[in-house]
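Asker: A single structure is presented below for examination.
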Protein chains: 2
Amino acid sequence: MSNVQTISETAVNSDVAWRSINAIRFLSIDAVEKANSGHPGAPMGLAPTAYALWQHALKHAPGTPDWADRDRVVLSAGHASMLLYSMLHLTGYDLPLDEIQDFRQWESETPGHPEYGLTAGVEATTGPLGQGLGNAVGFALAEKILANTFNRPGHEIVNHRTYAICSDGDMMEGVASEAASLAGTLQLGKLIVIYDDNQISIEGDTDKAFREDVSARFAAYGFHIIDPVDGNDLAGIVNALKAAEAEPDKPKLVTVRSVIGYGSPNLAGTGAVHGKAMGGDEVALTRTQLGWDYEPFEIPDDVYDHMRSGVQSGQALSDEWHAKFEDYKSEYPDLAERFLVDLLGMLPENWDDGLNRLVGSHDSPIATRAISGEALHAITPALPRLIGGSADLAESNNTEVDGRGSFSPELLDGRNLHFGVREHGMGAISNGMALHGGVIPYAATFLIFSDYLRPAIRVGALSHAPCVWIFTHDSIGLGEDGPTHQPISQLMGLRMIPNLTVIRPADADETFEAWRIAIENRQGPTALILTRQNLPQLSALGAQSFARGYVQRGAYVIADSSTEPEVIIIGTGSETQLALGAALKLQEEGIAARAVSMPSSELFQSQPDDYRESVLPWKVRARVSVEAGTTIGWERYVGFDGATIGIDRYGASAPGDIVMANLGFTVENVVETARSLL
Amino acid sequence: MSNVQTISETAVNSDVAWRSINAIRFLSIDAVEKANSGHPGAPMGLAPTAYALWQHALKHAPGTPDWADRDRVVLSAGHASMLLYSMLHLTGYDLPLDEIQDFRQWESETPGHPEYGLTAGVEATTGPLGQGLGNAVGFALAEKILANTFNRPGHEIVNHRTYAICSDGDMMEGVASEAASLAGTLQLGKLIVIYDDNQISIEGDTDKAFREDVSARFAAYGFHIIDPVDGNDLAGIVNALKAAEAEPDKPKLVTVRSVIGYGSPNLAGTGAVHGKAMGGDEVALTRTQLGWDYEPFEIPDDVYDHMRSGVQSGQALSDEWHAKFEDYKSEYPDLAERFLVDLLGMLPENWDDGLNRLVGSHDSPIATRAISGEALHAITPALPRLIGGSADLAESNNTEVDGRGSFSPELLDGRNLHFGVREHGMGAISNGMALHGGVIPYAATFLIFSDYLRPAIRVGALSHAPCVWIFTHDSIGLGEDGPTHQPISQLMGLRMIPNLTVIRPADADETFEAWRIAIENRQGPTALILTRQNLPQLSALGAQSFARGYVQRGAYVIADSSTEPEVIIIGTGSETQLALGAALKLQEEGIAARAVSMPSSELFQSQPDDYRESVLPWKVRARVSVEAGTTIGWERYVGFDGATIGIDRYGASAPGDIVMANLGFTVENVVETARSLL
């Protein structure tokens, strides 16, 4: 490429450069050896690549790792965590040597796989393969959206790259394919994927299972392909990265042909060096082969000096950016203010005015998915950074916001995203957007397909990434699409994911409140579980308490007897109307029945004991739960002496009301079940 | 291609051919209209393709739909179910017109999406996109394995193709990418993928999210690419299919450029015709446009005659094959017998001799994953059709069987499969192998990554596909790999999938029994949940009952007091030793404590009441469960008055015994918890 500045062999291949590369290798080797656990092979092979990236390409400031306009690196091959920790330590991030020595130990900052929020400079939690590339696509997408939103002529406030470091395993994972295809479609020109093509995975030669032409595949997605470069050709790698930087419009694939376990006389190029300590003898042989005369964890001063040159130059870059931002602020004070608020993840005052106006606006039956669509329309004007879409089900999920346009390379102002039929990719990309910051992502599909993105929901929850997941068509109530599309295990399955808040609202007002909670929850993801079918309003059915102020408590009494209850009926979502109807019916018969709406068991569990006791008094043991999903988990609330109404089989293809009735979801059945307990 | 016989325009484009094509369209339109629900667009666009496939390419016998050597068709785009039902009805399968008229109604044979086992001629349950292509890869892989196993010179007993019909949505799904990449690597030459490239998905033009070059992508996987053909060019489609048949070595991609909703004046080519009834007016206009003068569900006799020509010719093909098989049987009686036994899914007598010899063979601590490996080595000699592998974790999952070789294009005798790092693809492929029959697939990964293939586990369970899923590294006990790799929700999450049997054995003998149950369970999948870390043998710890005969009951008493128990402690897998240890300790203190091993709650739930009462007497309410996973679900066994010891947070990176101890998994904590209940 004629416009690419190339660097000469002599300019990069200094003695200290190669000793720094060996320092990366041995820090990784020594940490794995001390832990007697970990993955030395990839760091050994990738050390020159990491050196080239951090020292010759990356825009970063180790002293201020949260600088908004830094380049991001996502180590999708999370098992190579020691490569990342070595780089962070050596280049001067706040990761002292004793943390490196505590690799994989209880409460260290260097867990087996990188964890966002735990270690300065770690941008994403990775390890489950393929997702990191998806995260990186999300980072690059967020950057593109923010650049388009905030940059003004002469004021490039947002202008950074995202690098993903991927292994063969990442490339095999479907989630990576999904994300890469979308990155190509959206022409995310600041995404650079570095593919460590070492021809080895755990079971040995990748030839066993992976003979595809990865470059041709990524070209088919719309990537710009850089010619593969040898993993020990330092100038070649630097120049490949520069060539990648020079191509503005397409995402790039830089393939590095590395040797796993490079430097180990007996293990280099084998699967044996992938995932365990090499053993003292082989480490000694490797020291000899690479000419590394230092003790374990000993780093020569000149290596530190060399590697930490970026501390000062990065600080200068960051300072320069802050000065530029001051100029921007004086010229565009409102935009600058919004930029800061958005980046810090704060919510503007009165963000929920639109939502507040909607509460109480519905009397007639309506689907909670439709209400969710109303909520989105009401929130986005005051919270434009709420950005998202669906995995090709926008109309069904009610996620497309009128007037916001569709984001595309031709319409960067578009704020409705189209993920395509790529649920897992959508999940990983949304997590990346959330971790990047400046945007609040939402993403939607049918509840049944939450299984497709479940791995991303889990890693997002572990990472405290505040996505809003919208799952509609939440039960057999969806009807004719049948058992392939009817969730049974999904709802309770999501509740079991730590740090995910699941809310299944029963009517319009509960749905508006659910959205309020989702937006205000910046500590983790929230899943909204919504119906396809219309639901009546609880107030219209005679409920005594109302959503506002109660949904956030997770469960509340919606119908009560004047005396102590003899029986309590608990419902969620579309089945709350049955709990309410049954309680009212039983009351007519003179039975002291209470109905409880439980939109969120997680929120209820987090309430003080006395509140929980007030809703579900310990001594009242006649209890019925009614939820159109698995019964497993409901004994938590009904115990041995209660009864669960649920579904422990697959659903059926027929109109939703018929399936519901045939599987026992009627007021009559709930009444009868409750009566049988008394 | 010079060696391809092409067919002339006049030979295919008869009047009755095109009226048959319209019959396919209107049967689909009318059924969707009557149900007021369904997907008319794809059947309308794909009718000529389906006609070409069934009438000019497919080797099938509608009267004997279970003929072993038939070609298979997997409708990966399961939402186009009416296309398949129309074809099955029109070509003479046992699917009468009244079932078509009952499309999407309670207990009909025509559910919203095709379900295997419910409808003659439906080869796989599809609808969740992408998986059908994976199933098709599994069918083609099973065919290749069986052909190599059973065919002899001059005796081609196994020789059939697998066709997958895929939509844009299928092509976007990662699972399809994973499966296609493996199909290319394994050179599955009898797989023909028909890609309905109609440029429309639910959110509109595929340009919004899907601009990749699909042909180039599949070429990169190693597919042979047939030039795209117009979806209304009948001779072109027939010739494309013939060209595909002519290429022997690579899987094929046949791209058909169809128009969704073809024939509808106002809806053709729009997302609006994808997923709902068109409405009476538009149906009338479509009838006019396509010149279809018949009443709803009226099929002219000559169309039936034309379409059912395959009933007789198919019977002849099937008869011919059976005659060939008789020859084969006389020349290779043992092989022929084995072929029949294998295809019927029967188990040879004494298949479990090897397993029986192993029971009781262990005294020392050993990981259940290692025992599972021993079981595989013991079973496969008598059950060679047990075939499988891992998603690139064979050494960790203990799934590679020595001496069986690695299946590859160069070694078709190899019986260890290498799925690559493609869990979801592995799941869908294994389901396809199980549905094909003749092989019993097993497939393995870490338990945490069961989430990656969860959609396939579910559809397989719904389909009664008897796969054995092997999930090792089943808890925080895996240690240093940390929270990204430590399952919390996965174990209980699998238990919630209907028709999946989950077994988490506590020691060597329970693991051998678990394998016996898994192999004998031919009605659905079984998941084996196994440890990374060593476990002691319950017998060595002083257990009073033993695995043989008990694991199949799901739970059993392993230590008991002489008097009625005051407290019951229930454990599973690696925590059973804690339940046992705690009970013995409490007994020493004079407390009547019982320990229960519960390897499978599904199997326990299916026992008679009196057995369950004998293990967990109703009136004993002081109960403790101990399992290193979510506590949700355990109240089923411990109620309000018991206690659960589990994990409702993420794990931690540190040596496994330290993580276990720090999170409360010690005999002391179990004893203390039990004591607190008394």
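Asker: Residue B:451: within 14 Å of chain A (Cβ to nearest Cβ) and either modelled with pLDDT under 95 or part of a helix (DSSP H, G or I) (or both), yes or no?
Answerer: Yes.
Asker: Let me ask something else. For residues that are within 14 Å of chain A (Cβ to nearest Cβ), touching a Pro at 6+ places or on another chain (Cβ under 9 Å) and of a type in the set (A, V, I, L, M, F, W, C), tally how many sit in the stretch B:142-175.
Answerer: 1
Asker: I'd like to know if the stretch A:81-90 contains one or more residues that are out of contact with any strand residue (DSSP E or B) (no Cβ under 9 Å at 6 or more places or on another chain), modelled with pLDDT of 95 or more and within 14 Å of another protein chain (Cβ to nearest Cβ).
Answerer: Yes, there is a match, as at least one residue in the stretch A:81-90 is out of contact with any strand residue (DSSP E or B) (no Cβ under 9 Å at 6 or more places or on another chain), modelled with pLDDT of 95 or more and within 14 Å of another protein chain (Cβ to nearest Cβ).
Asker: Still on this structure, I have one more. Filter the stretch A:184-218 for residues that are at the interface with chain B (Cβ under 7 Å from one of its Cβ atoms), surrounded by fewer than 23 Cβ atoms within 10 Å (Cβ to Cβ) and among the small types (Gly, Ala, Ser) and give the result.
Answerer: A:216
Asker: Being part of a loop (DSSP other than H, G, I, E, B) and within 30 Å of the chain's Cα centre (by Cα) is the filter; apply it to the stretch A:219-240 and report the residue that is farthest from the other protein chains (Cβ to nearest Cβ).
Answerer: Only one residue tops the list, namely A:223.
Asker: Read through the list (1) more than 30 Å from residue B:448 (Cβ to Cβ); (2) within 14 Å of chain B (Cβ to nearest Cβ), then give the number of the only condition that residue A:459 fails.
Answerer: If we test residue A:459 against (1) more than 30 Å from residue B:448 (Cβ to Cβ); (2) within 14 Å of chain B (Cβ to nearest Cβ), just (1) comes out false.
Asker: Away from chain A (no Cβ under 11 Å) and either modelled with pLDDT under 95 or out of contact with any Leu (no Cβ under 9 Å at 6 or more places or on another chain) (or both): does that describe residue B:413?
Answerer: It is true that residue B:413 is away from chain A (no Cβ under 11 Å) and either modelled with pLDDT under 95 or out of contact with any Leu (no Cβ under 9 Å at 6 or more places or on another chain) (or both).
Asker: Which numbered condition trips up residue B:6, out of (1) surrounded by fewer than 18 Cβ atoms within 10 Å (Cβ to Cβ); (2) closer than 20 Å to residue B:95 by Cα?
Answerer: Failing condition for residue B:6: (2).
Asker: So, one more: When you scan the stretch B:35-60, how many residues do you find that are surrounded by fewer than 24 Cβ atoms within 10 Å (Cβ to Cβ), small (Gly, Ala, Ser) and in contact with a helix residue (DSSP H, G or I) (Cβ under 7 Å, 6 or more places away or on another chain)?
Answerer: 1
Asker: Another question, if that's okay. For residues that are part of a loop (DSSP other than H, G, I, E, B) and without any contact (Cβ under 8 Å) to a residue 60 or more places away in the chain, scanning just the stretch A:635-678, find the one that is surrounded by the most Cβ atoms within 10 Å (Cβ to Cβ).
Answerer: A:642
Asker: Any residue that is hydroxyl-bearing (Ser, Thr, Tyr), over 30 Å from residue B:645 (Cβ atoms) and in contact (Cβ under 8 Å) with a residue 24 or more places away in the chain - is there at least one of those in the stretch A:588-602?
Answerer: Yes - at least one qualifying residue is present in the stretch A:588-602.
Asker: Using the structure shown, decide if residue B:340 is surrounded by fewer than 19 Cβ atoms within 10 Å (Cβ to Cβ) and either over 23 Å from residue B:549 (Cβ atoms) or of a type in the set (S, T, N, Q) (or both).
Answerer: Against the criterion (surrounded by fewer than 19 Cβ atoms within 10 Å (Cβ to Cβ) and either over 23 Å from residue B:549 (Cβ atoms) or of a type in the set (S, T, N, Q) (or both)), residue B:340 qualifies.
Asker: Which of the residues that make up the stretch A:407-434 are in contact with a Phe, Trp or Tyr (Cβ under 6 Å, 6 or more places away or on another chain) and either hydroxyl-bearing (Ser, Thr, Tyr) or farther than 15 Å from residue A:390 by Cα (or both)?
Answerer: Correct list: A:432 only.
Quick grid of which residues meet (1) over 14 Å from the mean Cα position of the chain (by Cα); (2) away from chain B (no Cβ under 13 Å):
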| residue | (1), (2) |
| --- | --- |
| A:409 | yes, no |
| A:428 | no, no |
| A:445 | yes, no |
| A:455 | no, no |
| A:469 | no, yes |
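Asker: Please specify each residue of the stretch A:391-415 satisfying the condition of being part of a strand (DSSP E or B), free of Cβ contacts under 8 Å to residues at least 60 places away in the same chain and either of a type in the set (D, E, K, R) or in contact with a helix residue (DSSP H, G or I) (Cβ under 7 Å, 6 or more places away or on another chain) (or both).
Answerer: A:406
Asker: Taking the criterion of being modelled with pLDDT under 95, more than 24 Å from residue A:507 (Cβ to Cβ) and acidic (Asp, Glu), would at least one residue in the stretch A:348-356 satisfy it?
Answerer: Yes, because at least one residue in the stretch A:348-356 is modelled with pLDDT under 95, more than 24 Å from residue A:507 (Cβ to Cβ) and acidic (Asp, Glu).
Asker: Separate question: Just checking, how many residues over the stretch B:96-120 are more than 10 Å from chain A (Cβ to nearest Cβ), in contact (Cβ under 8 Å) with a residue 40 or more places away in the chain and either touching a Phe, Trp or Tyr at 6+ places or on another chain (Cβ under 7 Å) or of a type in the set (D, E, K, R) (or both)?
Answerer: Residues meeting the conditions: 4.
Asker: Here is a follow-up. Take residue A:165 and decide whether it is outside any helix (DSSP H, G or I) and either free of Cβ contacts under 8 Å to residues at least 12 places away in the same chain or within 25 Å of residue B:393 (Cα to Cα) (or both).
Answerer: Taking the combined requirement at face value, the residue satisfies it.
Asker: Within the stretch B:258-271, is there a residue that is in a helix (DSSP H, G or I), surrounded by 22 or more Cβ atoms within 10 Å (Cβ to Cβ) and within 14 Å of chain A (Cβ to nearest Cβ)?
Answerer: No, that holds for no residue.
Asker: Is it the case, given these coordinates, that residue A:628 is of a type in the set (A, V, I, L, M, F, W, C), buried (at least 22 other Cβ atoms within 10 Å of the Cβ), within 11 Å of chain B (Cβ to nearest Cβ) and part of a loop (DSSP other than H, G, I, E, B)?
Answerer: When the stated conditions are applied, residue A:628 does not pass them.
Asker: State yes or no: is residue B:243 more than 14 Å from chain A (Cβ to nearest Cβ), outside any loop (DSSP other than H, G, I, E, B), more than 18 Å from residue B:161 (Cβ to Cβ) and over 30 Å from the mean Cα position of the chain (by Cα)?
Answerer: Criteria not met by residue B:243.
Asker: If residue B:424 satisfies all but one of (1) within 15 Å of the chain's Cα centre (by Cα); (2) more than 7 Å from every other protein chain (Cβ to nearest Cβ), what's the number of the condition it fails?
Answerer: It fails just one condition, (2).
Asker: What residue, among those in the stretch A:348-358 that are surrounded by fewer than 17 Cβ atoms within 10 Å (Cβ to Cβ) and in contact (Cβ under 8 Å) with a residue 12 or more places away in the chain, is nearest to residue A:153 (Cα to Cα)?
Answerer: So, considering only residues that are surrounded by fewer than 17 Cβ atoms within 10 Å (Cβ to Cβ) and in contact (Cβ under 8 Å) with a residue 12 or more places away in the chain, the one nearest to residue A:153 (Cα to Cα) is A:348.
Asker: So how many residues does the stretch B:638-668 have that are out of contact with any helix residue (DSSP H, G or I) (no Cβ under 8 Å at 6 or more places or on another chain), closer than 24 Å to residue B:600 by Cα and of a type outside the set (D, E, K, R)?
Answerer: Final tally of qualifying residues: 4.
Asker: When you scan the stretch A:103-143, how many residues do you find that are touching a strand residue (DSSP E or B) at 6+ places or on another chain (Cβ under 9 Å) and surrounded by fewer than 24 Cβ atoms within 10 Å (Cβ to Cβ)?
Answerer: The number of residues fulfilling the criteria is 1.
Asker: Here's a follow-up. Taking the criterion of being facing chain A (nearest Cβ under 10 Å) and more than 23 Å from residue A:646 (Cβ to Cβ), would at least one residue in the stretch B:633-647 satisfy it?
Answerer: yes
Asker: Still on this structure, I have one more. Could you count how many residues in the stretch A:472-519 are outside any loop (DSSP other than H, G, I, E, B) and within 14 Å of another protein chain (Cβ to nearest Cβ)?
Answerer: So the answer is 12.
The values are calculated or read from the model by the stated rules, or taken from the named source; none is laboratory data. Nothing here was measured: the structure is a model prediction, and the numbers come from that model. Reconstructed Cβ throughout: ideal geometry from the backbone, glycine too, with neighbour counts over all protein chains shown.
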